[in-house]
1. Only one of (1) away from chain B (no Cβ under 12 Å); (2) open to solvent by 70 Å² or more (accessible area, probe 1.4 Å); (3) of a type outside the set (Val, Ile, Thr); (4) under 27 Å from residue B:99 (Cβ atoms) fails for residue A:31. Which number is that?
2. What single numbered condition from (1) more than 30 Å from residue B:129 (Cβ to Cβ); (2) surrounded by 14 or more Cβ atoms within 10 Å (Cβ to Cβ) fails to hold for residue A:66?
3. Taking the residues in region A:141-158 that are open to solvent by less than 20 Å² (accessible area, probe 1.4 Å) and under 27 Å from residue B:43 (Cα atoms) as candidates, determine which candidate is nearest to the other protein chains (Cβ to nearest Cβ).
4. Quick one: which strands (runs of 3 or more DSSP E) sit completely within region A:144-227 and have at least 3 residues that are of a type in the set (A, V, I, L, M) and over 27 Å from residue A:64 (Cβ atoms)?
5. Name the residue, out of A:178, A:155, that is over 11 Å from the mean Cα position of the chain (by Cα) and farther than 25 Å from residue B:134 by Cα.
6. Picking from A:124, A:164, which residue would you name as being surrounded by fewer than 22 Cβ atoms within 10 Å (Cβ to Cβ), at pLDDT 80 or above and either farther than 30 Å from residue B:135 by Cα or outside the structural domain of residue A:58 (by TED's automatic domain parsing) (or both)?
7. May I ask you to list the residues in region A:172-189 that are aliphatic (A, V, I, L, M) and surrounded by fewer than 24 Cβ atoms within 10 Å (Cβ to Cβ)?
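The values are calculated or read from the model by the stated rules, or taken from the named source; none is laboratory data. Bear in mind that the values here come from a model prediction, so they are computed numbers and not experimental data. Note that we place each Cβ from the backbone using ideal geometry, even for glycine, and neighbour counts take in every protein chain shown. To get the accessible areas, we keep the full protein, side chains included, count just its heavy atoms, and leave off ligands, DNA and RNA. Shrake-Rupley method; radii C 1.70, N 1.55, O 1.52, S 1.80 Å.
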Amino acid sequence: MAIRDDFEVAAAQVRAAVQRFALGLLVIAAFGAMLVGKADTVLVEHARVLALDLASPVLEAIARPVAAANRAIADLKEFASLREENARLREENARLLAWQTAAQRLENENDGLRGLANFREGPEASFITARIVGDSVSAYVRGALLNVGRKAGVAPGQAVVTGEGLAGRIAEVGDNSARVLFVTDVNSRLPVLIERTRERAILAGDNSSQLRLTLLQSVAGVQRGDRIITSGHGGSFPVGIPIGEVVETGEGRVRVRPFADFSRLEFVRVVDYGVSGLVSGAGSSAPSTPSGVAGQRVR
Amino acid sequence: MKADGVLAALDRWGRATLPGAVLLFFVLLTLAPLRAPYLSDALPLLPALVVYQFSLATPERLPGPLLLVMGILLDLLLGGPGAPVGVSALGFVLIRAAVVANRRYLVGVPFLFQWFGFGLLVWGFVVLVWSLTALFTWTAVDPVPAMIQYVVVVVIYPLLAPLLARVRARDPLNVPEPSRGTARPGETSP
């Protein structure tokens, strides 16, 4: 009897040891994954793209109900301020109509002057419309997943815009999916122009809702309300996409509020500028000819 | 054991895979573009909640290797460029180990204790992920969004946990031997 008890105790000890060993193995495996990810970025890139492509059909299936839920939430919020919203929109409409007249006049004038000066415009951009099927928003990333990929002509480095302005750039591309890195992400750096002074600067994200303007020749020239636009330097972005406006200046620190409303993005447009600039990521293959499967191509 | 019918086999199979499936669902839900204020902030921590809750109820149906795979999948799907892959996996495995080791304080105790335990363990999870992310990207990551995530998920816990706990009540033997751990029936409950 005592021998049997001893045996059971020993067996239990062995079992406990194996279990403890299993935990150690798992911890080592997790650290191994981290180190492999740090050492072999190309492998991780492939794994990410594979995971994206596998997950995107599932995400697309749940994107519609989620969008419906979002709309319901937004509707509820808007009901409360319908009257003020209407008044604001009427006022804005009147202002925009005046601007439209001005824009038409300027466009005609511009066309005429370009004809006179024999000005050659840069490559023409085409757009790929995409639905946002997933957010990759956490405490550490600001981004989203799109339902278009290499098959629709999406390539890393392309600009992603909304109706209001620049949202971000394409970071990773799968066959039928792509990841956008928003301008607010901590890894985002953009060459920009201050529209009023034509001064160059770098616009950087820091995972908060506002952007940071750095590397200015003179911070003093920036005023609140100045619009920030893409400068086109680096080659992969068209010139003049609006990004945001300056909301805070002071002590060498300029904050910019992006025009794009990241809290209600549903559809975005990927701008195919036809040039693969410096930004196109290492190891990414060239985009194949667009077959127009998932994305809709418009001029 | 007598031979079971197809239905019974299916039922057993369903029971065995349910926690894993729920975890996979929450991993994918992390990416859902939900715009509900506050709730969408907490989505990335919900898989950790599922891991905690199922480790309490049925750890044998959520084995460590599965947690490793799910954690790596979550990191691959969520992470931006440069973010370490495998941090969540490490966190999940450690949460499970901590729960299994402390079952006597967490199983069969008032809900408030479980909530407190969750708050404690997820705090560890958040700190782990934050510090490893900061270490691997070698930048001073702003801790405030991570804190907001933490607070929201701790507040959400009482809403979600009873739902997930139902998986245990449906178990035919109620509490299987490995889940009971060192706790004896009635030992810690009043």
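1. Against the list (1) away from chain B (no Cβ under 12 Å); (2) open to solvent by 70 Å² or more (accessible area, probe 1.4 Å); (3) of a type outside the set (Val, Ile, Thr); (4) under 27 Å from residue B:99 (Cβ atoms), residue A:31 comes up short only on (1).
2. Here residue A:66 meets the rest and fails (1).
3. Across region A:141-158, the extreme among qualifying residues is A:141.
4. Answer list for region A:144-227: A:189-194, A:199-205.
5. On inspection, the qualifying residue turns out to be A:155.
6. A:164
7. Residue satisfying the conditions is A:186 alone.
Conditions tested, residue by residue: (1) open to solvent by less than 10 Å² (accessible area, probe 1.4 Å); (2) within 29 Å of residue A:186 (Cα to Cα); (3) facing chain A (nearest Cβ under 9 Å).
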{"residue": "B:55", "(1), (2), (3)": "yes, no, no"}
{"residue": "B:58", "(1), (2), (3)": "yes, no, no"}
{"residue": "B:65", "(1), (2), (3)": "no, no, yes"}
{"residue": "B:78", "(1), (2), (3)": "no, yes, yes"}
{"residue": "B:89", "(1), (2), (3)": "yes, yes, yes"}
{"residue": "B:97", "(1), (2), (3)": "no, no, yes"}
